[in-house]
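Novice: Quick one: the structure is below, questions incoming.
Every number in this text was worked out from the coordinates using simple rules, so none of it is lab data. Computed from a prediction, not measured in an experiment: that's the story for all the values here. Cβ sites come from the backbone with ideal geometry, for glycine too, and all protein chains shown count toward neighbours.
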Amino acid sequence: MTAALAARLGGIRWTSPRTVGIGGIVLGALAFWLALPPLASRTAVLPLAIGIVAIFAGIWAWTRDERRVGGGAVAAGLLGIVFGVLATRSSTAHLDTVVVWSALGAATLRYATPLTFAAIGGLYCERSGVVNVALEGMLLTGAFFGIWGAVWAHGWAGSAAWVVGLALGALAGMALAAIHAVWSIHLKVDQIISGTAINFLALGITGYLFIDKYGDTGTPGNVPDYGIPDVHIGFLSHWYFIGPIIGQLNLMIWLSIALLVFTYVLVFRTPFGLRLRAVGEHPRAADTVGISVYKVRYAAVIASGAIAAMGGAYLSLGFVHSFNENMTAGQGFIGLAALVFGKWRPFPTWGATLLFGFSSALADRLPNAYGNQWGTLFQALPYFLTLVAVAGVIGRSIAPAASGRPYEKQ
């Protein structure tokens, strides 16, 4: 085994542009990590020096046509310098790894989870050739009907009422997705217009029902008693840094990770996944070999509604434990941006949701250490990264070829 590993390492071209670019990404992360405990470097020279080396490595890789890893190294170097310098200037109390950084990691996963459900729902839809900008409305609908179903079922289902709420939220998302599917696939309405109409429809329906059911009092205060439970992993609780992050996570966070694995296997390793991708890339050719384009697209769009709505149910039942009008506040659109950022693949998309979730988690904590301006800045980071993704700075994102194009059977 050792000989095989040595042969593998010996076969790597250590001076290749790709290897240098990956090394730049690692150095960018190192620039930030040096300022954290247990190393806790208190000088800004180290993150500056290492970050600059990472940037030069990225530029070198970029100029030799390795633009994806080159751009990543440049971004990692810049972020490493910014975070590293900020970390060296903060007080020791703000750098307590177990208390602060573990909490930040756990918060990142919590913020990323609704984005993950929205993005993976969008992946199914867009891989089939249907653009889904209605993810925001599906998230919002899932959030309302999830908590409404749990409140309704609490009297007879007890602490398991969240199961009813999750199922009802998913069904509501499927209903919205079915409307989007009919408009987009059979009526051939412009898919962007259809999705936008769904978003406004969801906002109106949930707003009206919220006022009708709960009025000015809001949702009940005992929702945490029958909300989606956390999963406790006792043996991890004493692990340094890792234990506080993953030792007690909501069940939906673990389900989102399982969804990633399931989606990768289904879309890229099964006959159905091949049909799904064929319909999204070349529906005419798929139809010619006997694949029903309409059936595959209907299944994909309706599945996307159920998955995205489960992310909304997590928001109201597992995260906030309440519902407010328009509580998703654009998270469906950020999930769609993460899908573009991840090039319509599950794990890169998850990486993008983690990045966006980290910016939201950091924005909650920066005002206490550096003032409100830093929190405002990082709240805007997901939208800035969206522009970066759409502009193709870190690798050009190319959508499925037939995405957004209605199919006319001949």
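Novice: Using per-residue counts of other Cβ atoms within 10 Å, averaged over each peptide, order 336-347, 261-272 from highest down. Before the final figure, lay out the partial values.
Specialist: Numbers: 336-347: 22.4, 261-272: 13.5.
Averaged packing, sorted descending, gives the order 336-347, 261-272.
Novice: I've got another one for you. Report, ordered by chain and residue number, the aspartates and glutamates lying within cross-link reach of LYS343, taken as a straight Cα distance under 15 Å and ignoring same-chain residues fewer than 8 apart.
Specialist: Within reach: GLU126, GLU281.
Novice: Hey, another quick one. Along Cα→Cβ, 7 Å out, is where each label goes; now give me the distance between the ones at ALA157 and SER292 in nm to one decimal.
Specialist: Rounded to a tenth, the inter-label distance reads 3.1 nm.
Novice: Can you give the direction-averaged projected area of the convex hull of the alpha-carbon atoms in the stretch 141-266, in nm²?
Specialist: Working: hull surface 45.2 nm².
Averaged projected area of the stretch 141-266's Cα convex hull equals 11.3 nm².
Novice: Could you order the peptides 70-78, 181-189, 215-223 from most to least packed, using the average number of other C-beta atoms within 10 Å per residue?
Specialist: In descending order of packing, they fall as 70-78, 181-189, 215-223.
Novice: Rounded, prolate or oblate: pick one for the stretch 96-391, where a ≥ b ≥ c are the square roots of the eigenvalues of its C-alpha gyration tensor, a/c under 1.5 means rounded, and failing that, prolate if a/b is larger than b/c, else oblate. Walk me through the intermediate numbers first.
Specialist: Details: a/c = 1.60, a/b = 1.31, b/c = 1.22.
Because a/c hits 1.5 or more and a/b exceeds b/c, the stretch 96-391 counts as prolate.
Novice: I need the shape label for the stretch 182-253. Rule: rounded when a/c is under 1.5, else prolate if a/b > b/c, else oblate, with a, b, c from the alpha carbon gyration tensor. Numbers along the way, then the final one.
Specialist: Details: a/c = 4.36, a/b = 1.72, b/c = 2.54.
It comes out oblate by the Cα gyration axes.
Novice: Taking K and R as +1 and D and E as -1, what net charge do the other residues with C-beta under 13 Å from the C-beta of ILE120 add up to?
Specialist: Values: positive: ARG127, ARG345; negative: GLU126.
Taking every Cβ under 13 Å from that of ILE120, the sum is +1.
Novice: Let me ask something else about it. Based on the mean of other Cβ atoms within 10 Å per residue, sort peptides 124-130, 206-212 so the most packed one is first. Don't skip to the end; give the middle numbers.
Specialist: Numbers: 124-130: 29.1, 206-212: 15.0.
Going by the mean number of other Cβ atoms within 10 Å, highest first, we get 124-130, 206-212.
Novice: Report the normalised scattering of the stretch 303-343 as log10 I(q)/I(0) at q = 0.16, 0.22, 0.23 Å⁻¹, calculated by the Debye formula with identical scatterers on the alpha carbons.
Specialist: Debye intensities relative to I(0), on a log10 scale: -0.45, -0.78, -0.84.
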